[in-house]
1. If you scan region A:1-54, which residues turn out to be among the small types (G, A, S), surrounded by 12 or more Cβ atoms within 10 Å (Cβ to Cβ) and within 11 Å of another protein chain (Cβ to nearest Cβ)?
2. Name the residue, out of C:A47, C:A42, C:A59, C:A36, that is in a helix (DSSP H, G or I) and surrounded by fewer than 24 Cβ atoms within 10 Å (Cβ to Cβ).
3. What single numbered condition from (1) more than 10 Å from every other protein chain (Cβ to nearest Cβ); (2) modelled with pLDDT under 80 fails to hold for A:I90?
4. Could you go through region B:213-235 and let me know if any residue there is at pLDDT below 85 and in contact with a Ser or Thr (Cβ under 6 Å, 6 or more places away or on another chain).
5. In this structure, is C:V610 in contact (Cβ under 8 Å) with a residue 24 or more places away in the chain, surrounded by 20 or more Cβ atoms within 10 Å (Cβ to Cβ) and more than 30 Å from the chain's Cα centre (by Cα)?
6. Give, as residue ranges, the helices (runs of 4 or more DSSP H) completely inside region B:242-331 that count at least 1 residues that are at pLDDT 65 or above and surrounded by 20 or more Cβ atoms within 10 Å (Cβ to Cβ).
7. At pLDDT 75 or above, within 9 Å of chain C (Cβ to nearest Cβ) and not in a loop (DSSP other than H, G, I, E, B): which single residue out of B:L20, B:L12 fits that description?
8. Of the residues that sit in region B:123-142 and are at pLDDT 75 or above and more than 22 Å from B:Y166 (Cβ to Cβ), which one is farthest from the chain's Cα centre (by Cα)?
Amino acid sequence: MTRKQKRLSVIAGGLAFLGAATGLTFYALGQKASYFYMPADLTTASLQPGQRIRLGGLVEKGTVERGQGATVAFSVTDNQKDVKVSYTGILPDLFREGQGVITEGSFDANGVFVADSVLAKHDENYMPKDVADRLKAEGVWEESKSE
Amino acid sequence: MLFWVIAAILTLGASLAVLLPLAGGSKGASSSGDHDLEVYRDQLSELDRDAARGLIQPAEATEARAEIARRILRLDNAEVGGEASARRASVAARLVATAAVLVVPIVSWGLYSQLGSPDLPSQPLSERLAKNPADSSVDELVARAEAHLAANPSDGRGWDVLAPVYLRMQRFSDAAAAYRNAIRLDGDSADRQAGLGEAIASAAGGIVSADAQDAFEAALKLDPANAKASFYLAVALAQEGRGQEAVTAWQAMLGKLSPDSPWRSAVEQALAKSGSPEIASGSTANGPGAGDIDAASAMSPADREAMINTMVAGLDDKLRQNPRDAEGWMRLVRSYVVLGKADQARDALGRAIAVFGADSDEAKKFTAFAASLGLTATE
Amino acid sequence: MVETGHFALVLAFALSLVQTIVPLFGARLNNQRLMAVGGPVAVSGFALTALSFVALASAYASSDFSVASVWENSHSLQPLIYKITGTWGNHEGSMLLWVLILTFFGSLVAAFGSNLPATLRANVLAVQGAIGAAFFLFILATSNPFTRLNPAPIEGRDLNPILQDLGLAVHPPLLYLGYVGFSICFSFSVAALIEGRIDASWARWVRPWTLVAWMFLTGGIAMGSYWAYYELGWGGFWFWDPVENASFMPWLAGTALLHSAIVMEKRSALKIWTLLLAILTFSLSLLGTFLVRSGVLTSVHAFATDPTRGIFILCILTLFIGGSLALFALRASRLTAGGLFHPISREGALVLNNLFLTTATATVFVGTLYPLAVEAFSADKISVGAPFFNLTFGPLMVPLLVMVPFGPLLAWKRGDVFAAAQRLMVAFAAALLVTLVTALFIDGASVFAALGVGLAVWLILGALTDLAVKSGFGNVATGIMVRRLLGLPRSVFGTAFAHLGLGLTTLGIVGTLCFGTEKILSMHAGETVELSGHTLRFVGLYPAQGPNYSEDRGRFELIGASGSAIGEMSSAKRFYPVRQMTTTESGIKTLWFSQLYLSLGDEGKDGSVVVRLWWKPLVTLIWGGGLVMMAGAAMSLMDRRLRVGAPSRRRRQASAVTSAGLP
């Protein structure tokens, strides 16, 4: 190979590498990014059981039930619809009824949302940002009226 | 004054940092070409050291040496021109220098006069607490007591003194904790139990919860004549919808209270309220803490009404946010009736029924409750 | 005292303006006096910023609630240590720390840069001054830590309880030392672009600064990861949280810079690329500051959510990143390209390293910012979490890690990959053996787990092979070998240690992820639980009172084989009344390199408590590896060859004499 050919092949190799990396990145974004839903969206969104999503809303009052062991069941609501969630693990310190949460997981065959993570922020007036934005947009919740 | 002296010294120092180099003599500087040459020489000697140590193969060392030599050659080629433009810019330089020296004091004093509060001294907490108690505000006295109790947490008397102060300051959960500490350390007393009950109830917005009720009952056991405990237990009855029993309890209280008791007027007020269809609405049972009531009684009627209106509005908002609170809805409906806002009361009733569904038990309870207030739901 | 600090801050801003403009004009006009202003101004700017910082810290230490930021973030009952660390545990104070470090580094350039060419030094200081001026203005305009309250409240609102921790005391300063350290590399790059030439001493200066910044950033990230691990009570060490990514991107780019700076220093090649990389690395540091400080992200760190701040930082970001990249586009073609090399050579290996690292940086960048972009341009909200990064970042890292041991064994300019492979045979055989043993003899080991362990062993032994080969192990007598080993340049040790640390971290990650076990259950006092061969007995819940919190502490006993207690563990639920917040204090027991980790959940009605228990094999190696990497960077820094980068004083005077002869 001449020097020019060599250089070209190095550049081509580099480009192929970058192309592959870009392709992989966008494939991964399509496959692995999880969308955020509120309960009311779920009727319009078509979800397969097992598809990972993030579900956000308020923990409905009076729905938190502690099952055997560390399994907890509760409903997440946006004051229009509510969704039953089951979660095994330790709830975050600021998990409370009436507070905003974001859960991540997927629906099982019975339509129960099985969460593998539950997020509630470490702050007293916290409402997860996604949830707050949506509730505000729908006029359900306004800022600094939590008391 | 001291501050201005320090500020002036700092400004002077900063200006000197600009001024001195400008006034200083021009130091001889090497051209960058010389500089690079030195770096390459260093690299050459480093290379020799590496080669001597056997870190680099002789062949590689020769190649590297040739490489550095090439760089030095390239350097010589590049070293052309440059030195010419030195003098002609001295006017511009002088302008920049003058501006620079002026910028420091002008920007700093100008900006500080906008942002700073030069008259405000530092106020370390320890100094503020060391002041003569007579000059201290209530807040400062409380802080002093807190500091004392933080150091001596087993001083039961201290907690006992602090607890009612917290209650007056509307720091209800602190008050409850302080009463608990006092009870734990200095033992039970009717006053402490009653205070604890009041703190818990006030923290819950006036609702006499089971915890509060326990405390009041404990107080009555220790002192059957404790007025605060009797009063609140009657309030609890009223809140449970047992209005008649509450009235009986209050009337019994009136009989026992001495004529100059401060509780007399509270009881009379409660009784007066309970005479109307709804029960005890103006009393503590309506939601505000004891402190709010104290504040309300010291207000002009117009202010008081405004305050009550805000509280009711607050409750309304809370229910919009957390609608599944049957007791809250009943309080809201009742409050609107008391305020004479029948339309809003009806609206609230409608919303309450909508939340739980028209067929639910709660809805029936609401309708019955509203009827007892003389209100009918108009669809 | 407080107002003195405030005044000093304003004065430091004024000086930073002078530092930006005067040396820049000086370099332009070739005026020695104007250029000479840069040094003293940089040093006094640092002194004033330090005075300002001390004033703020003493306001925190003495609970001076007439200062708004003290009132918002402190409490008189807090232990003194957290009062002081609270100085930078909030937005205003941490920005002051940021500029303190910036001016400190600037003053170091001023103090030790006397051997730099005058124009380069002046330009570097001017760029530093510009960054400083922008951030001083940001602080004074949007986040002034010296805003006063009159009358002063008597009690503060307490520091966020999860930030009341020693880990937090150390994490931000380390991280900032890293972020801001890259500003020096950035300033050198921009100065080179302004001058239109890259000085030979450029790489010699940039490399140690990259090392310093990289070392602190490594420490800051490791510390932050450990803090999140034990403080948040979730037992995870890395969440791919946008804020973590914000610090990880400059680290990846900085690692690439570290390697390309070597090529540039040794071989004068990759000049333009290194320069671009230096600009990008600091840009990513600024982006990190923006992401954390503007509150655009939802995360534990976003305690500052003020849109004016976000917009202000965005302007700074645009100005510096856009400006430097535009300058790069204009001037890069003027810079001379460096020497040539064969693709298979040390240089080639480092280029490959750069290719992988920058691509990895890009994937993290996309994963971090894509959700923001989607949210900005459509109504959808998405989140990109671990699954994305596992799929993109993982495949990029694995081949890079496989290639790491080859790099240092290849010769400059033209290397022999087969010779290098031969030397690595022992390491390869050992890694293969470990892989097979893991796959065959450890229960529950997947193929991936076994390969992961093998990869880690390969990295560790590869790093040791490098040292062995360079000291002539096996070829010369032991005595000579030891002497040679000790005589090796420190930077060789630095490389070996950094790669060794990488191997240890890999081992820790693989161990924890692939062999870790966990159990969640509800326990009554007196019950025992068994996890991966460790038996714990729950002794009971005990209430306790701290200085500014109350807690329920769950005590556990570690039961030995004989049935008696051999150790204690405890985890607590803490309640901070001032903020009405509950936090979980996790219980950790370190057994060799592994840890038992337990975290307390809610108390049930029947008096039972939910307990989450993890067995995390080799987990401490994750951060231990980070420490070893830092040690490697420190050794490299101490290499005296880095310090002879510029002419010594004696020679310099000689050259000054020769140049004095010119008109």
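The values are calculated or read from the model by the stated rules, or taken from the named source; none is laboratory data. Not measured: the values here are computed from a predicted model. Here Cβ is always computed from backbone atoms with ideal geometry, including for glycine, and neighbour counts include all displayed protein chains.
1. Listed by number, the residues that qualify are A:S9, A:G13, A:G14, A:A20, A:A21, A:A28, A:A33, A:S34.
2. Going through C:A47, C:A42, C:A59, C:A36 in turn, just one is in a helix (DSSP H, G or I) and surrounded by fewer than 24 Cβ atoms within 10 Å (Cβ to Cβ): C:A47.
3. (1)
4. yes
5. yes
6. B:243-256, B:263-275, B:301-321
7. Of the residues listed, the single one that is at pLDDT 75 or above, within 9 Å of chain C (Cβ to nearest Cβ) and not in a loop (DSSP other than H, G, I, E, B) is B:L20.
8. For region B:123-142, the residue satisfying everything is B:E127.
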